Amino acid sequence: MATTLITGANRGIGLALARQFTARGDDVIAVCRTSSDALDATGARVEAGIDVTDEAAVAALATKLRDVRLDLLVLNAGILERDSLSTLAVDAFRRQIEVNTLGPLLVVHALRDRLADGGKVALITSRMGSMEDNTSGGYYGYRASKAALNAIGKSLSVDLAPRGISVVLLHPGYVATEMVGGSGDVTPEQAATQLIARIDALVPAQTGTFQHANGTSLPW
């Protein structure tokens with residue numbers, strides 16, 4: 001039985017992942033700032049009150065999990081602020097960097113000794129962090145935060161390789177979540193199913209790759 005930790009698990013993609021991982025029999029640790037009735041109903045172990053940008057809170061989580069061996073980390077917590085060249089908001093830009101970029105790195109750093117050799121790390125990123133794929137501009141903070149996350153994921157793949165830990169950067173698709181106002185091409189449940197398929201199929205030879213949830217490779 002695998003033990004999986006998911007951040008941002010109280011709604012959207014994170015909640016759908018928690019449901020599907022628990023339904024198949026995994027031990028799931030669902031990390032979030034505030035839980036939800038839907039998350040509580042999954043049967044996952046809920047660790048609420050964890051802001052991934054708060055070093056003390058993340059360190060406290062690592063202490064609580066000192067006897068747990070994690071087979072999989074899914075770094076899913078994230079935020080999106082809409083901006084353009086004319087509506088740039090520096091505070092919102094910084095917040096996206098803190099949550100989308102530094103947050104996942106802080107969690108991996110804190111839990112690195114809890115992660116089992118041969119385990120996996122999945123970072124939920126976005127194709128909006130791709131340089132080559134950017135043909136529409138805008139979204140300065142979000143794009144920058146995800147591009148930086150992609151760079152971090154690549155470095156993690158190198159640093160964790162000696163322990164046989166595989167790292168993958170996954171774009172879930174345009175998912176109909178609260179973060180995007182409910183619009184989207186796929187439901188959270190559909191996205192979660194595809195993401196889990198990519199994670200299950202991940203082997204060390206693929207570590208450090210940037211993939212769409214549908215299995216296609218994405219350009220940096």
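Quick check on region 7-27: of everything there that is β-branched (Val, Ile, Thr) and in contact with a helix residue (DSSP H, G or I) (Cβ under 9 Å, 6 or more places away or on another chain), which residue is farthest from Leu195 (Cα to Cα)? In this case the residue turns out to be Thr7. Being part of a loop (DSSP other than H, G, I, E, B), within 26 Å of Ile165 (Cβ to Cβ) and of a type outside the set (Lys, Arg) is a property that does not hold for Gly43. If the condition is being part of a loop (DSSP other than H, G, I, E, B) and buried (at least 18 other Cβ atoms within 10 Å of the Cβ), then region 130-143 contributes Ser130, Tyr139. Residues in region 83-129 that are without any contact (Cβ under 8 Å) to a residue 40 or more places away in the chain, small (Gly, Ala, Ser) and exposed (fewer than 13 other Cβ atoms within 10 Å of the Cβ): Ser86 only. Applying a threshold of 6 Å to beta carbon distances and a minimum spacing of six or more residues, or different chains, the list of pairs starting in region 22-45 at a residue that is buried (at least 16 other Cβ atoms within 10 Å of the Cβ) and ending at one that is assigned to a helix (DSSP H, G or I) and not polar (S, T, N, Q) reads Val28/Ala18; Val28/Phe21; Ala30/Ala18; Ala30/Leu39; Leu39/Leu15; Thr42/Ala18; Thr42/Arg19; Ala44/Ala18.
One residue is enough: does region 118-129 have a residue meeting the conditions in a helix (DSSP H, G or I) and either more than 22 Å from Leu160 (Cβ to Cβ) or in contact with a His (Cβ under 8 Å, 6 or more places away or on another chain) (or both)?
Just the residues of region 118-129 that are in a helix (DSSP H, G or I), to begin with: 127-129.
Remaining after also requiring either more than 22 Å from Leu160 (Cβ to Cβ) or in contact with a His (Cβ under 8 Å, 6 or more places away or on another chain) (or both): 127-128.
Checked against the condition, which is being in a helix (DSSP H, G or I) and either more than 22 Å from Leu160 (Cβ to Cβ) or in contact with a His (Cβ under 8 Å, 6 or more places away or on another chain) (or both), region 118-129 yields at least one hit.
Every number here is computed from the coordinates shown, using simple stated rules; none is lab data. A quick note: this is a predicted structure, and the numbers were derived from the prediction, not measured. Positions of Cβ are backbone-derived with ideal geometry, glycine not excepted, and every protein chain shown enters the neighbour counts.
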